[in-house]
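Note sheet for the following structure.
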2 protein chains.
Amino acid sequence: MSSVPKLFEIGRKVDPIMIKYLVEGASEDFKPILLHQIEAGGKRIRPAIVLLSCEASGGNPEWAIWIAAALELIHNYTLLYDDIIDRGELRRGKKTTRAVYGDAMALLAGLHYREAINKLVNRSPASYKLHELVSQAIIELTEGERLDVLFEQTGRTERYITEKRITTPSWELYLNLVQKKTASLLVASARAGAIVADASQEIEESLSKYGLNLGIAFQVIDDYLDLFGKEEKFGKEIGKDIKEHKLSNALILLALEELEDIDKNKLLSILRKESSVDEISEGIELIKSTRARERAMNFAEERVKMAKTVINLLPNSSAKTLLCELADSVVKREV
Amino acid sequence: MSSVPKLFEIGRKVDPIMIKYLVEGASEDFKPILLHQIEAGGKRIRPAIVLLSCEASGGNPEWAIWIAAALELIHNYTLLYDDIIDRGELRRGKKTTRAVYGDAMALLAGLHYREAINKLVNRSPASYKLHELVSQAIIELTEGERLDVLFEQTGRTERYITEKRITTPSWELYLNLVQKKTASLLVASARAGAIVADASQEIEESLSKYGLNLGIAFQVIDDYLDLFGKEEKFGKEIGKDIKEHKLSNALILLALEELEDIDKNKLLSILRKESSVDEISEGIELIKSTRARERAMNFAEERVKMAKTVINLLPNSSAKTLLCELADSVVKREV
């Protein structure tokens, strides 16, 4: 029996506190804008990791509720800005904050999110250390977003971007990007639980590696679903990465390694212009013709296995079991 | 003899520490973007207030260097986003970060600014209290920016903005806006110095009122200079508020109170459309025909007087004298 519904319930515990801190100090007219992003859903994976890591390290998860709420808000903070930068219209199947309220208001909402995060961290036990952790994570997320933009093959005219664009990416550059844009927040979540539990350095490091491996697996699966998921279940447009000219998709990179020059150039040319729906489908078919899907899945499964192995040294507990189930659920989502 | 050059030197003390924290953890390619905004100049009024408030409250200003740097970075953080929201091309006579690097990179730079601020606050004595102070100030600044956008009479098409637009402003609404968009950061600066000095509640409150009155005077003078300043000295385009359809300029509001209906409607119509340079000049002439300039100056001078009076209860010191000179310098800048 899968515990996935139970896992989702764990993360949901932060919702009331997240909402409370988010609307605190905001005028009535601003509140609907602030709530739009978090009300759009989300699986609350990050707060679940915080609470479970705290418990699995011997701490009381009740102590971790503020930092768990903060980490879910950080995730939503980055989504708000990601949508502004990518002009995103839909997320989780719903209109984005910027699509409903405009870029200016979405940007201001993001500023307010950061202060709710700050107050939650300040309220938390071990706040000094957690403030540092949160800043490090957000700095990495910001760098990840910068690299993600540079991985786009066309569509932006700013001189800085056209000059710094990454046109010949490697798997190594991809992993660096993923570590920053996705894994960094899962690392911070797993670490935060250990910090609140006042766990040993060894346990904190193990949980950090759990977050890193899980984060990499998570992004590779996300890349998979972007091209081969079911739109209604994934909640995003299929082929969005191709449409947005992103060379930063694991499956595109793996396919490019295998394709003959003529098909490789075909796929790259689809990425490097404003492609039609048919051309995007053609790109997906080219990727399908390679072993990219299988290789990506194997890679993600390997990372999930590593995530579960690195926390072996933690004493057995139901929280540890749930952390392993959470890792498994990542590769099982709607593929 | 004026001590203004000396005042500017005080605030400049934070520059090395501000730069150090700002580039920390950033990739080489990101650093020029991060430094652009703070290298564009600025009078460093906020850090000067922090350092002087600390000293005037009996503290050692060296303890306040981190929070002083943080407050100058908060100011620059809001300017970065203000330029994105208003599509600003020039600030302090130089191209804005977004004009040089584009909106996406300017937005990411802003996220990084907030983390430099967080690390500076965390490093500071009394960090718990200062984290709360900083969040409160940024929440108010964000609300101030939201109101400022709603004070614009045209130029944005988002439904939220057209629905919530403030078309019949009052002096009371204006003061609420100014308290948030300008005074809140000067209040926080004055308070921060007192907090680091571990001053009495009474002293902290007096300095808070100093910041409030100074902030209101500062904004009214800024509004004055927007319409009647010298472009090369002010570093901004003259009549920018009219061009940007902002009803949130003290002199426009005061002029509207005095103008006969025909001229009042003329001025409002200039604000409510894309006006030519000649029309903007016509608007400025209409304001000139009223007592708005004199009334605005009197109001600002009154607030400066109040700022100096409220800190009377502090023991005499050279720092207190400099706080008074700083207040005086606000009404004397390039009018």
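Readers should treat all values here as calculations from the given coordinates under stated rules, not as data from a laboratory. Everything quoted here is computed from the prediction, not taken from an experiment. Neighbour counts are summed over all protein chains in view; Cβ atoms, including those assigned to glycine, are modelled from backbone coordinates with ideal geometry.
Computed about the Cα centre, the dipole magnitude for the protein assembly as shown is approximately 720 debye when only Lys and Arg (+1) and Asp and Glu (-1) carry charge, each at its Cβ.
Each copy carries a label point for A:Lys266 at 7 Å from Cα along the beta-carbon vector; from one copy to the others these points are 6.9 nm apart, nearest first. Look at A:Lys246, A:Lys129 and count the other Cβ atoms within 10 Å of each Cβ; fewest to most, that gives A:Lys129, A:Lys246. Listed by Cβ neighbour count within 10 Å, with the fewest neighbours leading, A:Thr162, B:Thr142 appear as A:Thr162, B:Thr142. For region A:203-335, the ratio of Cα radius of gyration to the globular rule of thumb 2.2 N^0.38 Å stands at 1.21. Looking down the axis that turns chain A into chain B, the chain A residue with its beta carbon nearest that axis, and the gap rounded to whole angstrom, comes out as A:Arg114, 3.
How large is Rg over Rh for region A:207-284, taking Rg from the Cα atoms and Rh as the Kirkwood inverse mean of 1/r across Cα pairs? Over the Cα atoms of region A:207-284, Rg/Rh equals 1.03. Sorted largest first, the spans of the alpha carbon positions of the protein assembly as shown along the three principal axes are 76, 54, 40 Å.
Calculated mean residue ellipticity, 222 nm, chain B: -22500 deg cm²/dmol, from DSSP H runs (n ≥ 4) at -39500 (n - 2.57) each, averaged per residue and rounded to 500.
Label-to-label distance, A:Lys20 versus A:Glu285, with points set 7 angstrom from Cα along the beta-carbon direction: 5.6 nm. Against the main long axis of the alpha-carbon atoms of chain B, helix B:184-196 sits at an angle near 10°. Look at where the Cα atoms of region A:68-136 and of region B:100-130 average out, and the two centres are 14 Å apart.
Using only alpha-carbon positions in region B:113-248, the gyration tensor eigenvalues give semi-axes of 31, 18, 15 Å once each is multiplied by 5 and square-rooted (largest first). Stokes-Einstein, applied to the Kirkwood radius of region B:61-174 over Cα pairs at a viscosity of 0.692 mPa s and 37 °C, places its translational diffusion at 206 µm² s⁻¹. Over all projection directions, the Cα-based convex hull of region A:4-332 averages an area of 16.1 nm². Pairs over the 26 Å Cα-Cα cut-off, from the set A:Lys246/B:Lys164; A:Lys230/A:Lys288; B:Lys20/B:Lys129; A:Lys31/A:Lys94; A:Lys129/B:Lys95; A:Lys95/A:Lys164: A:Lys246/B:Lys164; A:Lys129/B:Lys95; A:Lys95/A:Lys164. Sorted from shortest to longest, the distances between the B:Asp278 label points of this copy and the other copies are 5.3 nm, with each point 7 Å from Cα along the line through the beta carbon.
Here the translational diffusion coefficient of region A:171-257 follows from Stokes-Einstein with Rh set to the Kirkwood radius across Cα pairs; for 37 °C and 0.692 mPa s it amounts to 232 µm²/s. Ordered by the count of other Cβ atoms within 10 Å of each Cβ, fewest first, B:Leu186, A:Leu111 give A:Leu111, B:Leu186. To the nearest 10 degrees, how steeply does helix B:45-56 sit against the main Cα axis of chain B, on a 0 to 90 scale? Orientation of helix B:45-56: about 40 degrees from the principal axis.
Among A:Arg46, A:Arg293, A:Arg87, the largest mean-square fluctuation in a Gaussian network model of chain A, built with springs joining Cα atoms closer than 10 Å, belongs to A:Arg87. Spherically averaged projected area of the convex hull of Cα atoms, region B:28-100: 5.5 nm².
Shown for B:Glu62: label points 7 Å from Cα along the beta-carbon vector, and their distances to the equivalent points in the other copies, 4.5 nm in ascending order.
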